[in-house]
1. With touching a residue at least 40 places away in the same chain (Cβ under 8 Å) and more than 10 Å from every other protein chain (Cβ to nearest Cβ) as the only criterion, which of B:147, B:131, B:135, B:157 stands out?
2. What is the number of the single condition among (1) over 20 Å from residue A:163 (Cβ atoms); (2) among the β-branched types (Val, Ile, Thr); (3) within 14 Å of chain A (Cβ to nearest Cβ) that residue B:71 does not meet?
3. Residues to consider are A:21, A:25; find the one that is without any contact (Cβ under 8 Å) to a residue 60 or more places away in the chain, assigned to a helix (DSSP H, G or I) and of a type outside the set (Val, Ile, Thr).
4. Inspect all residues belonging to segment B:105-122 and state whether any of them is crowded, with 19+ Cβ neighbours inside 10 Å, part of a helix (DSSP H, G or I) and modelled with pLDDT under 90.
5. Among the residues of segment A:71-90, is there at least one that is modelled with pLDDT of 90 or more and either under 22 Å from residue A:23 (Cα atoms) or touching a helix residue (DSSP H, G or I) at 6+ places or on another chain (Cβ under 6 Å) (or both)?
6. Confirm whether residue A:172 is closer than 30 Å to residue A:12 by Cα and surrounded by fewer than 16 Cβ atoms within 10 Å (Cβ to Cβ).
7. What is the number of the single condition among (1) among the hydroxyl-bearing types (Ser, Thr, Tyr); (2) away from chain B (no Cβ under 13 Å); (3) within 19 Å of the chain's Cα centre (by Cα) that residue A:54 does not meet?
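The values are calculated or read from the model by the stated rules, or taken from the named source; none is laboratory data. The model shown is predicted, which means the values in this text are computed figures rather than measured ones. Reconstructed Cβ throughout: ideal geometry from the backbone, glycine too, with neighbour counts over all protein chains shown.
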Amino acid sequence: MLYGYLPAILEGLGLTLRVSALSLAIACVFGLMGAAAKLSGSRAARWSAEVYTTLIRGMPELVLMLLIFYGGQIGINMLAELQGWDYIEVPPFLAGVLTIGFIFGAYLTETFRGAILAVPKGQAEAALAFAMPRRLVWWRIVLPQMVRHAIPGFANNWLIMIKASALVSIIGLDDMVHRAGLAAASTRAPFTFYVAVALIYLALTSVSIFALSRLEARFSLGVKKVQF
Amino acid sequence: MQWQLILDSLPLYVEGIRTTVVLLAISLLSSFVLAVPLAVARVSGNPWISRTVWFYTYVLRGTPLLVQLFILYHGLAQFEAVRESAAWVLLKNAWFCAWLAFTLNSTAYTTEIFAGALKATNHGEIEAARSYGLSGFTLYRRILLPSALRRALPQYSNEVVGLMHATAIASTVTLVDITRVARDVYANNLLVTESFGVAAAIYFVFTFTLVGIFKLLERRFLRHLHSQQTLSKPKTTPTPLATPHANPNY
């Protein structure tokens, strides 16, 4: 099948999935930190989170990716030179994952902030009134309840991220799209390979939509649906 | 920071800006023209029609734009019949393929946005219009579309900004847009701020220009909602900014 290139493409799929999943984890960390900063009492924290989300959302992912990929490499080596270390080569995989995670962290910041605000204030107040420490209030009261509100936005971002992972082929990662390009060049059948890759992406997004709608149903147990 | 280099490459950036703006403008125009009838078809009572449109938007929204562009630009050349056909003059042109890919992709998202707004029409409005004897085309032209397109403005502005950001992908098929210029400047000088930094700044300005334009449009076309809001609660609504290709009906 696919002129014998199917295993190679599937290997590329593995990389695509690793990039997407790891970026998602990093984006969640950035997103939660961003949301916490935006809702915090410190003016400096609020400001830096605001600058972070505004800057990131104001430019294309591809440009940011190139900016962070090349700029990060140079920045790290300038630092290394100051410290007198040897030349550090940032692996493209790490750079790609960190970049996508950093970018989508900005989008998730907004999702998480909205979701946290959607949790009734009384919940946290009641916990505080029981003398629960702040950290525990976050962990046991606010976060579990915000998940339900965060899922739709989270799902959207995940779907966009899967598709954005195709861009890592441009910064030289050997993902599905890159593999398809190589296979297309040697077999002269670009249509076959790009359509195959598109179908794999379609399968990925379809499975994700199904899984996330199940997850949403799970977290919405006991929530009354509006009846028209 | 080498200001001289930025100054020297300024003419290139101006060319790049022109490419990006033209590409964005023609893609937006054609996708809007296609999306309005498709949105009407999407909410049609006939399941065959609405399912067909749903299938189109589902496939286009479920695959990366980069791959769609590659299928059109690199892929179609695989077929002898395409290369022999009269359409090949267009299909071998990067401009045409980029325009087609962006139009098809943006049409899918825009259709869903408009269809969502149509579905949110108050039932009373349709009943009132029907009781006045409006039906079919007139009902859509006079009642449904004007209010639905207004309601869709905030989301549509996200799609427009998203598409503007997506035009950066045109740099992968030989079009010399802002991103391509930045990549060339970087390749020649290996200076990041002077290349990608400048491009990022230009896109940033574009984003906020578009957001500003849509704010004005919203103030004009959603005034009825605005006045209601100030009566009940003097609260400023934060404009949702640029979620590229975010879609509520994922």
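1. On the way: B:147 fails: touching a residue at least 40 places away in the same chain (Cβ under 8 Å); B:131 fails: touching a residue at least 40 places away in the same chain (Cβ under 8 Å); B:135 fails: touching a residue at least 40 places away in the same chain (Cβ under 8 Å).
It is B:157.
2. Evaluating residue B:71 over (1) over 20 Å from residue A:163 (Cβ atoms); (2) among the β-branched types (Val, Ile, Thr); (3) within 14 Å of chain A (Cβ to nearest Cβ) leaves (1) as the failure.
3. Values: A:25 fails: without any contact (Cβ under 8 Å) to a residue 60 or more places away in the chain.
Checking each option against the conditions leaves just A:21.
4. As a first pass, look at segment B:105-122 and keep what is crowded, with 19+ Cβ neighbours inside 10 Å: B:105-118.
With part of a helix (DSSP H, G or I) added as a condition, the list becomes B:105-118.
Right, trim to modelled with pLDDT under 90 and you get none.
No, segment B:105-122 has no match at all.
5. no
6. Details: closer than 30 Å to residue A:12 by Cα: yes; surrounded by fewer than 16 Cβ atoms within 10 Å (Cβ to Cβ): yes.
Yes: the conditions hold for residue A:172.
7. The one condition residue A:54 does not meet is (2).
Listed here are the residues, each with its yes/no results for (1) within 14 Å of chain B (Cβ to nearest Cβ); (2) free of Cβ contacts under 8 Å to residues at least 60 places away in the same chain.
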residue: A:71; (1), (2): yes, yes
residue: A:75; (1), (2): yes, yes
residue: A:80; (1), (2): no, yes
residue: A:86; (1), (2): no, yes
residue: A:97; (1), (2): no, no
residue: A:100; (1), (2): yes, no
residue: A:113; (1), (2): yes, no
residue: A:116; (1), (2): no, no
